[in-house]
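Data first, discussion second: the structure below is written as structure tokens.
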Amino acid sequence: MSLRTIFIIARKELRDALRNRWFLLYTAAFSILALAMSYLSLAGSGMQGLAGFGRTTAGLVNLVILLVPLMGLSIAAPSLAGEQERGTLAYLLAQPITRFEALIGKYLGLSASLTAALAIGFGICGLSIAANGDAAGVGVYLTLVAMTFALGLAMLSVGMLISTLTRKAAQAIGMAIVVWLCLTLLSDLALMGSALAFKLRIQELFSLALVNPLQVFKMAVLHSMNAGLDVLGPAGIYANQTYGPWLSLLFVGSILAWIVVPLVLAALTFSRKPIA
């Protein structure tokens, strides 16, 4: 494996992403919505200006859950499939480069572009809050930023797996949207329906919640805010009582698994995928 080759591919992927209008649209949308959420978080208190870091963090959780998975999936899903459809992937692999190097290089380049977009949005929001609002709770805000980066990388891994399973960009994007809908909208309904239909125990309900990276992200941020997972119902109370101080490591491990496992599966699938 050549690190220089991986770096060259990653740099090209990052340069292409920065020229992509969707990258600029995602960055602008996330920045504007993050600032708007800061104002809206303070609307109920009758005050004016920007909310502090703690209140803004609570308001941004749902925005991140809806927008960041869509960003990661839609950016990564057409990466390999689109190049295969255009015929450029065969040309790339005809060079002295392995498939693993091509996959990792593309993933790193897309990761850099996604984290750059999120960092710009969080940075603008954070600087505005620090200049005009309450600076308390900055640690919680930074935890939100770190967990958002991790969630974005996890969704990129899933998107890369989708890209290795498809041959056309439109097909990859369609599958990515279906996955996004399942994770954001259908997972909660399926969780509640399973709990009622199969009379799941609390520990089983919590285990199912850990399978969904979006649920893990939400629980991790709430836990960092010391809000108490009891707001999530019996499963949250069970998690607090059972795992206690190890809960944060459990959440981090779950997110890391969502980053590593789909990427490994993507590498295995791509190594056997016919390109011509």
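The values are calculated or read from the model by the stated rules, or taken from the named source; none is laboratory data. Keep in mind it's a predicted model, so treat the numbers as computed, not measured. Positions of Cβ are backbone-derived with ideal geometry, glycine not excepted, and every protein chain shown enters the neighbour counts.
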So the helices (runs of 4 or more DSSP H) completely within the range 77-165 holding 2 or more residues that are under 20 Å from the mean Cα position of the chain (by Cα) and more than 18 Å from Val221 (Cβ to Cβ) are 99-132, 138-165
Output for the range 166-181, where each listed residue is closer than 20 Å to Ala267 by Cβ and of a type outside the set (A, V, I, L, M): Thr166, Arg167
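Give Ala94, Ala112 a once-over and let me know the one that is surrounded by fewer than 20 Cβ atoms within 10 Å (Cβ to Cβ), aliphatic (A, V, I, L, M) and free of Cβ contacts under 8 Å to residues at least 12 places away in the same chain.
Exactly one of Ala94, Ala112 is surrounded by fewer than 20 Cβ atoms within 10 Å (Cβ to Cβ), aliphatic (A, V, I, L, M) and free of Cβ contacts under 8 Å to residues at least 12 places away in the same chain, namely Ala94.
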Being surrounded by fewer than 17 Cβ atoms within 10 Å (Cβ to Cβ), assigned to a helix (DSSP H, G or I) and either charged (D, E, K, R) or modelled with pLDDT of 65 or more (or both) narrows it down to one of Ala209, Ala220, Ala170, so name that one. Ala170
Which one of the conditions (1) in contact with a helix residue (DSSP H, G or I) (Cβ under 9 Å, 6 or more places away or on another chain); (2) modelled with pLDDT under 75 does Gly193 fail to meet, given that it meets all the rest? (1)
